[in-house]
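Chemist: One structure, pasted below without further comment.
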Amino acid sequence: MLNRVSRSCFCSAAAAPTTPSPWLFVGLGNPGEKFKGTRHNVGFEMIDAFSESVGISMNVPLCKALFGEGFVGDAPVLLAKPQTYMNLSGESVSESSTQFSLSMAGPLAAYYKLPLNRVIVFHDDLELPCGVLRLQEKGGHGCHKGLKSVINHFRGNREFARLRIGIGRPPGQMDPKAFLLQKFNATARERIDAALPEGVVALRCILHEGLAGAARWFNQEQKYKYMRSETMSA
């Protein structure tokens with residue numbers, strides 16, 4: 001099942017002191033061509049952009065997800081795109097397990113014995129302007145049903161990081177559910193396409209400098225981008 005590296009190489013409990021602990025990156029979205037390019041699928045797009053940039057293929061079905069694993073430099077990385085549809089994302093990422101302690105819960109996290117502080121979930125965010133990104137060390141679900149599912153299946157534990165990908169608010173009185181399942185217009189598509197490589201740079205930085213250090217400079221950069229974008233239509 002595992003091609004390029006063995007499970008023991010990724011297992012933080014069994015790893016040698018000099019072996020970096022792996023990261024699990026999870027992009028949220030809905031599977032299938034019908035949802036490709038929609039606002040709710042930017043988590044998938046970020047995972048795809050990262051996997052392509054580092055040359056990790058994601059073609060292995062594992063724990064109800066498309067899965068890939070490899071190294072970026074010396075840093076071991078696990079990548080996953082849950083195939084359970086957005087509202088059931090937690091079944092792939094963080095389904096409860098009695099075999100491991102709470103901090104090890106979940107099929108993928110438990111299989112590799114990862115603490116939740118080595119998990120980052122990528123997701124769309126209505127509260128950020130389109131194309132603005134934000135790294136967050138932990139938090140709630142903010143009414144995002146995919147995140148809510150992950151938290152519920154982690155038994156309420158919120159101690160995992162997120163890469164929030166701004167998609168803007170729906171115009172006028174438009175139903176947010178309909179907005180999420182629409183594809184981006186040309187202007188918004190351009191902003192998302194520009195944001196994806198920025199996210200890739202931040203993720204690479206996390207692998208080598210850690211989340212806290214990467215978040216400080218990245219969020220500062222995105223703050224100025226937010227100021228430039230807040231008066232622009234998404």
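Chemist: Only one of (1) within 21 Å of Glu52 (Cβ to Cβ); (2) hydrophobic (A, V, I, L, M, F, W, C); (3) over 17 Å from the mean Cα position of the chain (by Cα) is not met by Val201, so which one is it?
Modeler: (3)
Chemist: Name the single residue, out of those in the stretch 37-78 being touching a strand residue (DSSP E or B) at 6+ places or on another chain (Cβ under 6 Å) and of a type in the set (Ser, Thr, Tyr), that is most open to solvent (accessible area, probe 1.4 Å).
Modeler: Top of the filtered list is Ser57.
Chemist: Regarding Ala195, is this residue open to solvent by 20 Å² or more (accessible area, probe 1.4 Å), modelled with pLDDT of 90 or more, among the hydrophobic types (A, V, I, L, M, F, W, C) and assigned to a helix (DSSP H, G or I)?
Modeler: So Ala195 fails the test.
Chemist: Then there is this: Hey, can you tell me all the residues within the stretch 22-57 that are part of a loop (DSSP other than H, G, I, E, B) and in contact with a helix residue (DSSP H, G or I) (Cβ under 6 Å, 6 or more places away or on another chain)?
Modeler: Pro22, Leu28, Gly29, Asn30 - these are the residues of the stretch 22-57 that are part of a loop (DSSP other than H, G, I, E, B) and in contact with a helix residue (DSSP H, G or I) (Cβ under 6 Å, 6 or more places away or on another chain).
Chemist: Checking the structure you have, find out if any residue of the stretch 120-141 is modelled with pLDDT under 90, in a helix (DSSP H, G or I) and open to solvent by 50 Å² or more (accessible area, probe 1.4 Å).
Modeler: Within the stretch 120-141, not a single residue is modelled with pLDDT under 90, in a helix (DSSP H, G or I) and open to solvent by 50 Å² or more (accessible area, probe 1.4 Å).
Chemist: Next up: Among the residues of the stretch 161-176, are any acidic (Asp, Glu), open to solvent by 50 Å² or more (accessible area, probe 1.4 Å), at pLDDT 75 or above and within 21 Å of Phe35 (Cα to Cα)?
Modeler: Scanning the stretch 161-176, I find at least one residue that is acidic (Asp, Glu), open to solvent by 50 Å² or more (accessible area, probe 1.4 Å), at pLDDT 75 or above and within 21 Å of Phe35 (Cα to Cα), so the answer is yes.
Chemist: Being basic (Lys, Arg), in a helix (DSSP H, G or I) and within 17 Å of Trp23 (Cβ to Cβ) narrows it down to one residue among Arg189, Arg204, Arg162; which is it?
Modeler: After applying the criteria, what remains is Arg204.
Chemist: Name the residue that is modelled with the lowest pLDDT, counting only residues in the stretch 151-160 that are open to solvent by less than 70 Å² (accessible area, probe 1.4 Å) and out of contact with any strand residue (DSSP E or B) (no Cβ under 6 Å at 6 or more places or on another chain).
Modeler: His153
Chemist: Which numbered condition trips up Ser12, out of (1) open to solvent by 20 Å² or more (accessible area, probe 1.4 Å); (2) at pLDDT 90 or above; (3) in contact with a Lys or Arg (Cβ under 9 Å, 6 or more places away or on another chain)?
Modeler: (2)
The values are calculated or read from the model by the stated rules, or taken from the named source; none is laboratory data. As the structure is a prediction and not an experimental result, all values here were calculated from the model. Neighbour counts are summed over all protein chains in view; Cβ atoms, including those assigned to glycine, are modelled from backbone coordinates with ideal geometry. When the accessible area is computed, the model is the full protein with side chains, heavy atoms only, and any ligands, DNA or RNA have been set aside. Shrake-Rupley method; radii C 1.70, N 1.55, O 1.52, S 1.80 Å.
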